[in-house]
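Below you'll find the structure, written out as structure tokens, and then a few comments.
Just so it is clear, none of the values below were taken in a lab; they were calculated from the coordinates. None of these values were measured; they are calculated from a predicted model. Neighbour counts are summed over all protein chains in view; Cβ atoms, including those assigned to glycine, are modelled from backbone coordinates with ideal geometry.
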Amino acid sequence: MISQYWVDQIPAKPLSIQVRNQDGTDMNLSGYTSIEVVMVGSNNEFVDMTGSSLNTSSKSAGKLIFFWPTDRTLFPAYGDYVLQVKLSGTGKVDFTTTHPIRVKELGRTQRGNVYNR
């Protein structure tokens, strides 16, 4: 699934993230002491996630709720972004499957990986 947002959007609705094991069952994340959302922009640059937050109260069921910053956008430019969750604990670091995010701008169309006016 690909999420779609718009340039300069500050999404009001949080992003629900369900982490699953390779067999498709919900993953228990209780063994991880640090869970963070990371994202790269369309030029593979890391996006500053300051102001965002993550609700991990249901981590035993693998469910996370990501809240976007409310004071600024994470989408200053159009293109394809990639979101991922980094899971860390004593002696382990794991990453979830990536989640693509397409950021559009009114008046632009996509042809392959190139956007044209």
In a shell of Cβ-Cβ distance under 15 Å around Met49, excluding Met49 itself, what net charge do Lys and Arg (+1) and Asp and Glu (-1) give? -2
Near Thr73, within a Cβ-to-Cβ distance under 14 Å, what is the net charge of the other residues, with Lys and Arg +1 and Asp and Glu -1? -2
Output wanted: per-residue J couplings in Hz (rounded whole) for the range 62-69, from phi through Karplus 6.51 cos²θ - 1.76 cosθ + 1.60, θ = phi - 60°, x for Gly and Pro. x, 9, 10, 10, 9, 9, 6, x
I want to check a number: in the chain, how many lysine pairs have alpha carbons closer than 17 Å, given a sequence separation of 8 or more or different chains? 4
